[in-house]
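**Q** Can you read through this structure? Questions will come right after.
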Amino acid sequence: MAILEVSNVEKSFGKTKVLEGISFNLEEGHVLSIIGSSGSGKTTLLRCINFLETADKGKIIVDGDVIFDGESRQKLSKKQQLEKQLSIGLVFQDFNLFPQYNVLENVTLALKIRAKRRPDFKKNKKQIFEEIDEKAKSVIKKMGLEDKLDSYPCMLSGGQKQRVSIARAMALEPKILFFDEPTSALDPELTGEILKVIRELAKEKMTMVIVTHEMTFAKEVSDYIVFMDKGVIAEEGEASEVIGNPKTARLKEFLSKISD
């Protein structure tokens, strides 16, 4: 059974159609990479799945739960949206860390906001927050940043900031982890360290959707690849086939212009 089902999703901004008839499934433990030129709709698709944009039509299902249904008149409340948002991890290309918080605080913030809705929160606040801190420290250590707990974003390299962003998403124990161009803001030397982290997550069977321009990486780490062009899926299939044996002239042209 697919953990992510996207069916006929459409999105327009004014008269400009950005997504048209987007449909695909993703199995649990698999990695999907979405490739395509800038402006092809990749980021908008991720934002629709993560409630940062609202699609106009279609249906999106995560782990059996309908998170968007364009045909339904019922809309999720803000509280319901937040709850579902916290089950989906999103790593932004520009880190989106809070500059006034240190590494540990950035990673624990969403967890502590969610904990406040627990019925036993007032009675057990101290214990709950201590447990959250320990959980966060474990994830931060996994990212190789255990010595940066008290550091602020301005004190970190780009690669370290991105690892904090990944730790923040991982701490929420998401069903699916989304990456939107995770290396685009990094220089080539730091790109390698982030791709290494993602490769390790793939080995651990973390379900991931990755928007990327790193073709060699996409072919290596992905089970499935979707190529988007002008708001539609122009080609899709197993990673080795899409990258190694493109069928459409548009994908061949795109790959010829991309270099890792």
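The values are calculated or read from the model by the stated rules, or taken from the named source; none is laboratory data. What you are looking at is a predicted structure, and each value in this text was computed from that prediction instead of being measured. Reconstructed Cβ throughout: ideal geometry from the backbone, glycine too, with neighbour counts over all protein chains shown.
**Q** Provide a single number: the residues in the range 192-234 that are of a type in the set (Ser, Thr, Tyr) and more than 24 Å from Thr44 (Cβ to Cβ).
**A** Residues that pass the stated criteria total 1.
**Q** Give the number of residues within the range 22-54 that are in a loop (DSSP other than H, G, I, E, B) and in contact with a Leu (Cβ under 7 Å, 6 or more places away or on another chain).
**A** Within the range 22-54, residues that are in a loop (DSSP other than H, G, I, E, B) and in contact with a Leu (Cβ under 7 Å, 6 or more places away or on another chain) number 2.
**Q** Considering each residue of the range 127-182, count those that are part of a loop (DSSP other than H, G, I, E, B) and among the basic types (Lys, Arg), and give that number.
**A** Total meeting the criteria: 1.
**Q** Just wondering, is there one or more residues in the range 111-133 that are surrounded by 13 or more Cβ atoms within 10 Å (Cβ to Cβ) and modelled with pLDDT under 90?
**A** yes
**Q** Cβ-Cβ below 6 Å, separation at least six or inter-chain, first residue in the range 36-59 and of a type in the set (Asp, Glu), second modelled with pLDDT under 95: which pairs?
**A** So the pair list comes out as Glu53/Arg47.
**Q** A further question on this structure: For the structure I just gave you, tell me whether Ala234 is in contact with a Phe, Trp or Tyr (Cβ under 8 Å, 6 or more places away or on another chain), aliphatic (A, V, I, L, M) and surrounded by fewer than 21 Cβ atoms within 10 Å (Cβ to Cβ).
**A** yes
**Q** Right, next: Considering only residues that are within 18 Å of Thr43 (Cβ to Cβ), among the hydroxyl-bearing types (Ser, Thr, Tyr) and crowded, with 17+ Cβ neighbours inside 10 Å, which ones fall in the range 182-191?
**A** Across the range 182-191, the qualifying residue is only Thr183.
**Q** Taking only the range 106-160 into account, find how many residues are under 15 Å from Glu193 (Cβ atoms), of a type outside the set (A, V, I, L, M) and touching a helix residue (DSSP H, G or I) at 6+ places or on another chain (Cβ under 6 Å).
**A** Residues meeting the conditions: 3.
**Q** Still on this structure: Could you tell me how many of the residues in the range 96-111 are farther than 15 Å from Leu156 by Cβ and either in a loop (DSSP other than H, G, I, E, B) or among the β-branched types (Val, Ile, Thr) (or both)?
**A** Final tally of qualifying residues: 1.
**Q** Examine the range 76-95 for a residue that is at pLDDT below 90, farther than 24 Å from Val209 by Cα, out of contact with any Ser or Thr (no Cβ under 7 Å at 6 or more places or on another chain) and not in a loop (DSSP other than H, G, I, E, B), and state whether such a residue exists.
**A** Yes, because at least one residue in the range 76-95 is at pLDDT below 90, farther than 24 Å from Val209 by Cα, out of contact with any Ser or Thr (no Cβ under 7 Å at 6 or more places or on another chain) and not in a loop (DSSP other than H, G, I, E, B).
**Q** Just a yes or no: is a residue in the range 201-214 part of a helix (DSSP H, G or I) and surrounded by 17 or more Cβ atoms within 10 Å (Cβ to Cβ)?
**A** So far as the range 201-214 goes, yes, one or more of its residues are part of a helix (DSSP H, G or I) and surrounded by 17 or more Cβ atoms within 10 Å (Cβ to Cβ).
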